[in-house]
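Structure, as structure tokens:
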Amino acid sequence: MPAERLESLFPNLRQAGYTITSVADVDYNCIAWAVGDTRKWWEPLPGFYWPPGARKEYSLAAYLRVFTVHGYDKIAIYADAEAIPSHAARQTASGKWTSKIGELEDIEHDTLNALEGEAYGTVAQVMKRKSARS
């Protein structure tokens, strides 16, 4: 069951509240999802898409550059204990957060701490800009 798998990876998820919003998909990941791309897996490694102008490295600075160049309304970047980015979530118009969980499902979660823990670490940076829709 997808819910059991997600809740075993993220112990805070059930208590925080969430909804599965898609089926599992290996074509894209959380970084792509955060900028609205469901066609490519974004990763700073050979063989994957990584935006021109962004350093090909796992660093908060590189990830901040990706989101600065490609746009966002409100993004949260998670990082592990060594400050290596591990996940990104995007805030929806409702105020909830949406995440693509690796090769698994997309989910909508009520809080950022729903995904904090061993798998993704903690929120390292929240980026916000004025929405293009405003």
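The values are calculated or read from the model by the stated rules, or taken from the named source; none is laboratory data. Worth saying up front: this structure is predicted, and the values here are computed from it rather than measured. Here Cβ is always computed from backbone atoms with ideal geometry, including for glycine, and neighbour counts include all displayed protein chains. For accessibility, only protein heavy atoms count, side chains too; no ligands or nucleic acids. Shrake-Rupley method; radii C 1.70, N 1.55, O 1.52, S 1.80 Å.
Consider Arg14 carefully, then state whether it is basic (Lys, Arg) and assigned to a strand (DSSP E or B).
In short, no.
Within the range 34-48, is even one residue touching an Asp or Glu at 6+ places or on another chain (Cβ under 6 Å) and closer than 23 Å to Gly95 by Cα?
So far as the range 34-48 goes, no, none of its residues is touching an Asp or Glu at 6+ places or on another chain (Cβ under 6 Å) and closer than 23 Å to Gly95 by Cα.
Considering Tyr120, Tyr49, Tyr58, which residue is closer than 26 Å to Val23 by Cβ and surrounded by fewer than 19 Cβ atoms within 10 Å (Cβ to Cβ)?
Working: Tyr120 fails: surrounded by fewer than 19 Cβ atoms within 10 Å (Cβ to Cβ); Tyr58 fails: closer than 26 Å to Val23 by Cβ.
Selected residue: Tyr49, the only one of Tyr120, Tyr49, Tyr58 that is closer than 26 Å to Val23 by Cβ and surrounded by fewer than 19 Cβ atoms within 10 Å (Cβ to Cβ).
Under 26 Å from Arg5 (Cβ atoms), out of contact with any Gly (no Cβ under 7 Å at 6 or more places or on another chain), buried (at least 19 other Cβ atoms within 10 Å of the Cβ) and among the acidic types (Asp, Glu), is that true of Asp106?
Considered against the rule, which asks whether it is under 26 Å from Arg5 (Cβ atoms), out of contact with any Gly (no Cβ under 7 Å at 6 or more places or on another chain), buried (at least 19 other Cβ atoms within 10 Å of the Cβ) and among the acidic types (Asp, Glu), Asp106 comes out as yes.
Has the range 53-60 got any residue that is among the charged types (D, E, K, R), modelled with pLDDT of 95 or more and assigned to a strand (DSSP E or B)?
No, that holds for no residue.
In the range 8-45, which residue that is touching a Gly at 6+ places or on another chain (Cβ under 7 Å) and closer than 21 Å to Met127 by Cβ is modelled with the lowest pLDDT?
That would be Val35.
I'd like to check something: does the range 112-124 contain any residue that is closer than 21 Å to Asp37 by Cα, of a type in the set (A, V, I, L, M) and part of a loop (DSSP other than H, G, I, E, B)?
No, the conditions are met nowhere in the range 112-124.
Out of the residues in the range 19-32 that are open to solvent by less than 50 Å² (accessible area, probe 1.4 Å) and touching a residue at least 60 places away in the same chain (Cβ under 8 Å), which is nearest to the chain's Cα centre (by Cα)?
Here is the first cut: in the range 19-32, the ones open to solvent by less than 50 Å² (accessible area, probe 1.4 Å) are 22, 25, 28-32.
Imposing the further condition that a residue be touching a residue at least 60 places away in the same chain (Cβ under 8 Å) reduces the set to 22, 25, 28-30, 32.
On the way: Ser22: 15, Asp25: 14, Tyr28: 11, Asn29: 8, Cys30: 4, Ala32: 8 Å.
Among those residues, the one meeting the criterion is Cys30.
Run Ala93 past the list (1) in a strand (DSSP E or B); (2) open to solvent by 60 Å² or more (accessible area, probe 1.4 Å) and report the number of the one that doesn't hold.
Just one mismatch for Ala93, condition (1).
Scan the range 65-79 and tell me whether some residue there is hydrophobic (A, V, I, L, M, F, W, C), assigned to a helix (DSSP H, G or I) and out of contact with any strand residue (DSSP E or B) (no Cβ under 7 Å at 6 or more places or on another chain).
yes
Is one or more of the residues making up the range 61-68 closer than 26 Å to Ala16 by Cβ and surrounded by fewer than 15 Cβ atoms within 10 Å (Cβ to Cβ)?
No, the conditions are met nowhere in the range 61-68.
Could you tell me which residue of the range 69-90 is nearest to Glu108 (Cα to Cα), considering only residues that are open to solvent by 50 Å² or more (accessible area, probe 1.4 Å) and touching a helix residue (DSSP H, G or I) at 6+ places or on another chain (Cβ under 8 Å)?
Here the residue is Arg90.
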